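Please read the structure below before turning to the comments.
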Amino acid sequence: MAIARSSRRLQTDGLFVGFAGRIGAGKTTAALYLRSKYGFQYARYSQTLRTWLGADATASDRIQAVGWEVMTGGKQLELNARLIAELNLSQSATIDGLRHPIDHQSLSRAFGDSFHMIFLEAGPAVRFERKRSRFATFADFQAADRQPVEAQIDNLMPLAAATITNEASLGSLHEGLDNWVEVWDKENAR
């Protein structure tokens, strides 16, 4: 089933926050924090891929390859349309795992001024420690971080509403997110 692609802005009542960053930068942790503290919906690109293409096609060890197939097959807009269609437009949402400027463009087009992207950054050693259970060696981690599907991530940094360096404690990340939400609330108070 094809999802219609819309180039118009959707009517929304919420705040839509996308997270981008390299493997282990803290995207999921940040997105889930906004869900737990502020009641945001949670959407994740990899889950949308799994739903769309079937669980067998998107096992954890193949998700990067499937993501690359979507990107190179001209289906990134379709992936974004499917992710957007999953969201309740009357409730704020956090979106985990932007990997390509098309993701930012699609979400900006759909949600207008209600969409903001936060880029999380951390050094390779810190990110590897966070993903040690997934990667046996630092070389394995580096190989995953160099996969073609990851190549466009750094191009998202200049598009971010904020960049948070996430190399300290979990509390520090939460504080950075709380500060960002507080500033956004003040700027958008009615």
(request) Select from region 130-153 the residues that are in a helix (DSSP H, G or I) and touching a residue at least 60 places away in the same chain (Cβ under 8 Å) and write down the one among them that is surrounded by the fewest Cβ atoms within 10 Å (Cβ to Cβ). (result) Pro148
(request) Go through region 84-127 and count every residue that is part of a helix (DSSP H, G or I) and acidic (Asp, Glu). (result) 2
(request) For region 33-49, name all the residues that are of a type outside the set (Ser, Thr, Tyr) and without any contact (Cβ under 8 Å) to a residue 12 or more places away in the chain. (result) Gln47
(request) Name every residue in region 115-147 that is touching a strand residue (DSSP E or B) at 6+ places or on another chain (Cβ under 7 Å) and basic (Lys, Arg), in order of residue number. (result) none
(request) For region 161-170, indicate whether the set of residues that are surrounded by 13 or more Cβ atoms within 10 Å (Cβ to Cβ), in a helix (DSSP H, G or I) and among the acidic types (Asp, Glu) is non-empty. (result) no
(message) Checking Arg127 against (1) over 25 Å from Gly14 (Cβ atoms); (2) surrounded by fewer than 16 Cβ atoms within 10 Å (Cβ to Cβ), only one condition comes out false. Which one?
(response) (2)
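Any read-out appearing in this document is the output of simple, stated calculations on the displayed coordinates, not a laboratory observation. Quick caveat, the model's predicted, so the values are computed rather than measured. Virtual Cβ from ideal backbone geometry, glycine too; neighbours counted across all protein chains shown.
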